[in-house]
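Computed from the coordinates by the stated procedures, all read-outs in this text should not be read as laboratory data. Model, not experiment: these values are computed from the prediction. When we count neighbours, we look across all protein chains shown, and the Cβ atoms used for this are built from the backbone with ideal geometry, even at glycine.
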Amino acid sequence: MTSLNTTLCFCSSGHNYADCCEPLHLSVKQADTPEQLMRSRFSAYVIKNAKYVYQTYAKEKQAENPVKEINDFANSCRFINLDLIDSSHDGDTGTVEFKAQYFYQNLFCELHEKSLFIKENTQWRYLDGTIYPVEDIKVGRNDDCPCGSNKKYKKCHSM
Ligand SMILES: [Zn+2]
Ligand SMILES: [Zn+2]
């Protein structure tokens, strides 16, 4: 259980996973803010912890987001980065605006969303979100990889 201790967290926070999203994934700790919950859900997608993503949906949304579908989506994407743009909360509701970059097949995609979070039984949960349209970029094998590595796509994030 020590191998991940110095791994940088998958939510792009710059903190170690062990000090960031891991305690939330292990249910040792609850998210204090919608932003923390959002980060932990993104990390969970990256490490394909579909159960965590499912459990952090608001109750009313769980039926329409089965673990299997979350798992299929997580497995079909290569996640690159998360940018937190804005977050706020007041009482039992909060919002987080973010951009998440990932590859889906040979497309470089960006999800730009303003998410809505609510507190259920004192725990922050994801309710739904407004998605801002961003055009997917088709990536050719000899193109520079859009992840910023300065490598060719075929030597980097290509499947
Ligand atoms: Zn994290
Ligand atoms: Zn790349």
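Based on Cα contacts under 8 Å between residues 6+ apart, the chain shows a relative contact order of 16 percent.
P(r) for region 17-155, from all Cα pairs and a bin width of 5 Å, is 2, 10, 18, 21, 21, 13, 8, 5, 2, 0, 0 %, short bins first. Residues whose amide H comes within less than 5 Å of that of His15, counting only those at least five positions distant or on another chain, are Cys9 (H built at 1.01 Å from N in the peptide plane). Site-free segments of the chain were taken between GluC sites (Glu not before Pro) in DSSP loops having at most 10 other Cβ atoms within 10 Å, sites themselves excluded; the longest one is 65-134. Our coupling estimate for region 76-86, obtained by passing each phi through the Karplus curve with A = 6.51, B = -1.76, C = 1.60 and θ = phi - 60°, is 8, 10, 10, 7, 10, 7, 10, 10, 7, 9, 7 Hz, Gly and Pro reported as x.
3J(HN,Hα) couplings calculated from phi for region 22-31 with the Karplus curve 6.51 cos²θ - 1.76 cosθ + 1.60 (θ = phi - 60°) are, in sequence order, 4, x, 6, 5, 8, 6, 7, 9, 9, 5 Hz; Gly and Pro show x. With the simple model of a label 7 Å out from the Cα in the direction of the Cβ, Thr130 to Val28 spans 3.8 nm. Each of Lys138 and Lys152 was given a label point 7 Å from its Cα along the Cα-to-Cβ line. The distance between the two points is 2.0 nm.
Anything over 18 Å Cα to Cα? Flag those among Lys68/Lys114; Lys29/Lys51; Lys68/Lys119, in the order listed. Could you put the intermediate results ahead of the total?
Values: Lys68/Lys114 24 Å; Lys29/Lys51 16 Å; Lys68/Lys119 25 Å.
Among Lys68/Lys114; Lys29/Lys51; Lys68/Lys119, the Cα-Cα distance tops 18 Å for Lys68/Lys114; Lys68/Lys119.
Take every Cα pair under 8 Å whose residues are at least 6 apart in sequence, average their separation, divide by the length of region 70-148, and the relative contact order is 23 percent.
The phi-based Karplus calculation (6.51 cos²θ - 1.76 cosθ + 1.60; θ = phi - 60°) puts the 3J(HN,Hα) values of region 140-157 at x, 4, 9, 6, 5, 5, x, 6, x, 7, 6, 9, 5, 3, 5, 9, 10, 8 Hz, whole numbers, x for Gly and Pro. Taking a straight line from the alpha carbon of Lys151, these lysines sit under 17 Å away, with near neighbours fewer than eight places off in the same chain left out: Lys138. Listed by chain and number, the aspartates and glutamates whose alpha-carbon sits under 14 Å from that of Lys48, ignoring those within fewer than 8 places in the same chain, are Glu22, Glu69, Asp72.
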